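Reading through the structure tokens given below for one structure.
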Amino acid sequence: GDSVTQMEGPVTLSEEAFLTINCTYTATGYPSLFWYVQYPGEGLQLLLKATKADDKGSNKGFEATYRKETTSFHLEKGSVQVSDSAVYFCALSGLTGGGNKLTFGTGTQLKVEL
Amino acid sequence: DTAVSQTPKYLVTQMGNDKSIKCEQNLGHDTMYWYKQDSKKFLKIMFSYNNKELIINETVPNRFSPKSPDKAHLNLHINSLELGDSAVYFCASSQGWSYTFGSGTRLTVV
């Protein structure tokens, strides 16, 4: 079945550091790929998405490129801020009889310090 | 306007009790879901309904029973609650790849 593997956290960075969170996937067909962010005590918010190979999703300075050849969707940001501290989830969606089932990675906690 | 709202936000109850969590979406989406997030933050789908019809039922104990009275509502009823049911339960809705999550219900079984 479908699966998503992402790097374990927690990841602790200083403000303005470069961020990479690795994500690889296993899926049949051509899934759409997503990064979701969960701030403390809140629900999940879509950060960015890519729906086909070589697509680049971007939002709020975060980027990720859908790499079919390496089955990867790594999240990057050039300069993190304290406000980026959250848990980040990589996910893929597979169509299942009328609905999109999201399969999530285990989440990576990011802590950004001054 | 809240897109996907679920109630209650917090639920503390004793083992053996029966409880329900309600979810409503005003986005006009055809598909609704329940996801469970455990203490290690791992998220896993439980159920999915498309236009009131059950389409995904993952390996979930039959103490959990979803009910969708119409396509804007998906409730989750849990019988005979166990300690291991303690988690955050997220409702979501989707149209195509566009997913919207509720803010979660933190269930604590004592």
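A short reminder: the numbers here are calculations on the coordinates, not readings from a lab. Since the structure is predicted, the reported quantities are computational estimates derived from the model, not experimental observations. Positions of Cβ are generated from backbone atoms using ideal geometry, with glycine treated the same way; all protein chains shown enter the neighbour counts.
Among residues other than A:VAL112 whose Cβ falls under 13 Å from its Cβ, what is the net charge (Lys/Arg +1, Asp/Glu -1)? The answer is -2. The mean number of Cβ atoms from other chains found within 10 Å of a Cβ in peptide B:49-60 is 2, as a whole number. With a/c under 1.5 counting as rounded, go ahead and sort chain B into rounded, prolate or oblate using the C-alpha gyration tensor (a ≥ b ≥ c being the square roots of the eigenvalues; past the cut-off, prolate if a/b is larger than b/c, else oblate). In terms of gyration-tensor shape, prolate. When the charge dipole of chain A is built from unit charges on Cβ atoms (+1 for Lys and Arg, -1 for Asp and Glu) and taken about the Cα centre, the candidate among A:TYR30, A:GLN109, A:VAL4 whose Cα reaches farthest toward its positive end is A:TYR30. Where both bridge residues fall in chain B, DSSP classifies roughly 90% of the beta bridges as antiparallel.
Counting only other chain Cβ atoms within 10 Å of each residue's Cβ, the peptide B:30-37 averages 3.
At a threshold of 8 angstrom on Cα-Cα distance, excluding pairs fewer than six apart, so keeping six or more, what relative contact order does chain B reach in percent? This gives 37 percent for chain B.
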